[in-house]
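The values are calculated or read from the model by the stated rules, or taken from the named source; none is laboratory data. In this text the structure is predicted, and so the values were computed from the model without any measurement. In this analysis, Cβ positions are derived from the backbone assuming ideal geometry, glycine residues included, and neighbour counts consider all displayed protein chains. Surface accessibility is based on the protein's heavy atoms, side chains included, excluding ligands, DNA and RNA. Shrake-Rupley method; radii C 1.70, N 1.55, O 1.52, S 1.80 Å.
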Amino acid sequence: MFDIGFQELLVILVIALILFGPNKIPELAKSFGKALREFKKATEEVRNSFEEEEKEFNDSRDKLPNLIEEISSSTEPESSKSKDKVESFPNKPSVS
């Protein structure tokens, strides 16, 4: 994750000890741990939400050809019936 070696970590801890003192370090570590845990939880929730949406999208995309076929087959008889009605309708006499 971070490219921090042992020496760099030791320097960071010494600086933190000087700045905050030995009594405050455990409290800061606890707060940092809680914040990191909450961040991981929120990240996991967002990831799960995206995965659910992706799954729903893929399911809808997979159903689309069947839906198109169903719609076209259900409208086909109606259009041919209308065409038959129009063709069988007697011609109007021309008005002079």
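Order the following by accessible area, largest value first: Thr43, Thr75. Probe radius 1.4 Å; ligands, DNA and RNA are ignored.
Largest accessible area first, the list is Thr75, Thr43.
Given R₀ = 35 Å, what would the calculated FRET efficiency be for Ser60 paired with Leu36, taking r from the Cβ atoms and rounding to 0.05?
In this case the efficiency is close to 0.45.
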